[in-house]
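First up is the structure itself, then whatever we jot down about it.
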There are 2 protein chains.
Amino acid sequence: MSVRSAAIGVDVGGTTVKGGIVAMSGEVLDRLEHPTEAQAATKTTIEVTEAAIARAQEMGYVPVAVGIGAAGFVDVLSGSVTFSPNLVYDDPDLADAVAARVNLPVMVDNDANAAAWGERAVGAAKGANNMALLVLGTGLGSGFVSNGRLVRGFTGAAAEFGHTVVDPAGPRCNCGLRGCIEQYVSGQAIARMAREAAQHNADTSMISFAGSADAITGYDVARAAREMDEVARDVLRTAGRMLGLAMSNVVNIFDPEVIVLGGRVVEAGEPFLGPARDELARLLSEQKRRPARLQLSALGRNAGIVGAAALAIDEMSRGGADRDPEREGR
Amino acid sequence: MSVRSAAIGVDVGGTTVKGGIVAMSGEVLDRLEHPTEAQAATKTTIEVTEAAIARAQEMGYVPVAVGIGAAGFVDVLSGSVTFSPNLVYDDPDLADAVAARVNLPVMVDNDANAAAWGERAVGAAKGANNMALLVLGTGLGSGFVSNGRLVRGFTGAAAEFGHTVVDPAGPRCNCGLRGCIEQYVSGQAIARMAREAAQHNADTSMISFAGSADAITGYDVARAAREMDEVARDVLRTAGRMLGLAMSNVVNIFDPEVIVLGGRVVEAGEPFLGPARDELARLLSEQKRRPARLQLSALGRNAGIVGAAALAIDEMSRGGADRDPEREGR
């Protein structure tokens, strides 16, 4: 009898916790998701993990490891969430809390790190030893691979590129700083810029889509831009150029073989991505740098679960070398 | 008879090329320097390397490898300088040009990478697997170690943190971009800001030190600040705060165990470093991040030669795994 192994990948976000049964090849065999409980992200994570394990067993797979990509700052050694601006973990010791309920090794990393590792393992940056992922969602997540390894830093709080400041006098960010690059390119930022623009341009179709200027969302901006609304296109052009600048900064720091762009905001398409690409090309050319290779995410919404599962598998096969020896026995 | 081995470390800068005879322990046994020939940095590098080898032999040491830290963008695989805004290499294939004259393995990297590796090998960040070096000289050089390895990127053009943009409408930088962080914290930037400030403040002692507002250098600013000149102190305070911001960006990207500050500009002391430290502490505290560990360079002007020598030794002992296999035989 051949035993088929699988890893469980879990992606903990502000709206939902997603779980996936992931084959050793990186293929997603099945997936499920629960809405994130408002004050209890850890509780939801445990529920999703248990449900995914049960589903894997029903499908005839033997789960061998659990990988979790969690929104927030993560101490990879302990598997704890140390800071999370956008959701509440009822138990911040996420790895311990999950491991106490499932009899499997549990690996926790930042959600964007997990997604970067997924794109690098089986996605748009497959095999690249130096790559960058920018995830344009509500905020701006990022993950970087340098010399074939994730850039996690001394305490696991690295790769928060969205919170690098590009204007010390800029808008206030959720993280406490002002003028973070996240405030110019994220879904939240685009909605804010669109609302501001609509105050001065009552004839934009964004207002009719949203009901009022104050209610405009990123989706309204994208829709209006597709219908050639000039106010919406101008907002996306401005945000896109800032994304180009952000990518120039990434190139000057990491010189990646490929930059992968993911997240819902990229669905705004050419009115956003065109100016980003043009601005990046212009800046690199000024510096006489080689052109950058840009890719859209190949794994899309599965990047987090695939990457978390891949991290857990790699961690197991490396014998947990990055882990705290105290925890090896659990 | 015991054979004493040494490595030759060479630091190629715009003003001088420095050579050092470096023991396997990292100790600098002797050093020499030649002024950099205006249009022929490669020629000067060869002269300094040959002189250092001869000196090592006179001292009874057997040179086993040459490491070169070169100002400019360096392709580590080929040992070539691909772009250098501040000096001219008569032969950009630096590793080949030097190796053709000395019968030793030659390793070339960016000068700030070499310095970072030196601080990490035997200096202020000894043993840190995640560290950052910022070198505040004419420009802003940087080197980063992540997971125990230098961040070099796909083509070796990473770690140009000085050319990350913090204001798209800011002053023009030598690299071609506008508003690079280098334009706010480097020696050149401080001199520019001081000249601007002196136009509006005729009573600053910087003018008497320099002869005229247009002639003010970084040294004049530092001297005037020591003598409590308020205009000079204000310039250094502004630059120091921007250095704090720059370090916050470094922390958000790399989460280093330690940030090492080097270069002549740090000699301006507390009027510059105090505001930098305060601003960094303020920004990290806003983000609820742990405080950063800051260190001044332990190797000072020797960081480049010690680091280049250490890189060459490490490269030899790793069997040149990072090198182009085509080049192994030379």
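The values are calculated or read from the model by the stated rules, or taken from the named source; none is laboratory data. Everything numeric here is computed off the predicted structure, so don't read it as measured data. Cβ sites come from the backbone with ideal geometry, for glycine too, and all protein chains shown count toward neighbours. These area figures cover heavy atoms from the full protein model, side chains too; ligands, DNA and RNA do not enter into them. Shrake-Rupley method; radii C 1.70, N 1.55, O 1.52, S 1.80 Å.
Observations, loosely collected:
- Neighbour net charge for A:Ile259 - beta-carbon separation under 11 angstrom, K R +1, D E -1: -1
- Under the convention that each Lys and Arg Cβ holds +1 and each Asp and Glu Cβ holds -1, the size of the dipole of the range A:1-108 around its Cα centre is about 260 debye.
- Accessible surface of the range B:128-296 [probe 1.4 Å, protein heavy atoms]: carbon and sulfur percent: 49
- Net charge, A:Ala40 excluded, C-beta distance under 15 Å - Lys, Arg +1, Asp, Glu -1: -4
- Using Cβ point charges alone (K and R +1, D and E -1), the dipole size of the protein assembly as shown about the Cα centre works out to roughly 240 debye.
- Top of A:Val62, A:Val22, A:Val135 by mean-square fluctuation, Gaussian network on chain A, Cα under 10 Å: A:Val62
- Under 11 Å, Cβ to Cβ, from A:Ala246 - net charge with Lys/Arg +1 and Asp/Glu -1: -1
- Counting only whole DSSP H helices of chain B, the ones at least 15 Å long by C-alpha along their axis and with mean Kyte-Doolittle hydropathy no lower than 1.0 are B:303-317.
- Pair A:Glu227, A:Ser212: separation of 7 Å Cα→Cβ label points (nm): 2.1
- In percent, rounded to a whole number, the relative contact order of the range A:24-112 is 32, using alpha-carbon pairs under 8 Å and six or more apart.
- As a length-normalised measure over Cα pairs under 8 Å and 6 or more apart, the relative contact order of chain B settles at 21 percent.
- Per residue convex hull volume, Cα atoms of the protein assembly as shown, in Å³: 177
- Ratio of Rg to Rh over the range A:6-110 (Cα coordinates, Kirkwood Rh, two decimals): 0.95
- Rg(Cα) / (2.2 N^0.38 Å) computed for chain B, rounded to two decimals: 1.01
- Label geometry 7 Å along the beta-carbon vector: B:Ala169 inter-copy distances in nm: 0.9
- For the range A:128-296, the relative contact order comes to 23 percent (Cα pairs under 8 Å, sequence separation of at least 6).
- When the GluC sites (Glu not before Pro) in the range B:205-303 are filtered for DSSP coil states and for at most 12 other beta-carbon atoms within 10 Å of their beta-carbon, the remaining sites are B:Glu227.
- Structure remark: mean-square fluctuation, Gaussian network model of chain B, C-alpha springs under 10 Å; the largest value among B:Ala128, B:Ala100, B:Ala116 belongs to B:Ala100.
- For A:Glu37, the distances from its label point to the matching points in the remaining copies are 7.5 nm, ordered from shortest, with each point set 7 Å beyond Cα toward Cβ.
- Whole-Hz ³J(HN,Hα) from phi, Karplus 6.51 cos²θ - 1.76 cosθ + 1.60, for the range A:158-170, glycine and proline x: 7, 6, 9, 4, x, 9, 7, 8, 10, 7, x, 9, x
- Candidates A:Pro92, A:Pro168, A:Pro35, ranked by Gaussian network fluctuation over chain A, Cα under 10 Å, top entry: A:Pro168
- For B:Met316, the distances from its label point to the matching points in the remaining copies are 4.4 nm, ordered from shortest, with each point set 7 Å beyond Cα toward Cβ.
- Bridge orientation summary for the range B:128-296: considering DSSP beta bridges with both residues in this region, about 55 percent are antiparallel.
- 5 angstrom amide H check on A:Ile68, placed H, neighbours 5+ away: A:Val10, A:Met107, A:Val108, A:Asp109
- Computed over protein heavy atoms with a 1.4 Å probe, the accessible surface of the protein assembly as shown works out to 39 Å² per residue.
- Shown are B:Met107, A:Met59, A:Met228, B:Met24, whose ranking by accessible area with a 1.4 Å probe and every protein chain present, most to least, is A:Met228, B:Met24, A:Met59, B:Met107.
- A prolate overall shape is assigned to the range B:128-296, the ratio a/c of its alpha-carbon gyration tensor axes (a ≥ b ≥ c) being 1.5 or greater and a/b exceeding b/c.
- Spatially proximal lysines relative to B:Lys43 (Cα-Cα < 28 Å; intrachain offsets below 8 disregarded): A:Lys288, B:Lys18
- For the range B:252-291, trypsin sites (Lys or Arg not before Pro) are listed when DSSP marks them as loop and at most 14 other Cβ atoms sit within 10 Å of their Cβ; the list is B:Lys288.
- Residues in the range A:10-19 carry Karplus couplings, in order, of 10, 10, 9, x, x, 9, 9, 10, 9, x Hz; the curve used is 6.51 cos²θ - 1.76 cosθ + 1.60 with θ = phi - 60°, and Gly or Pro positions show x.
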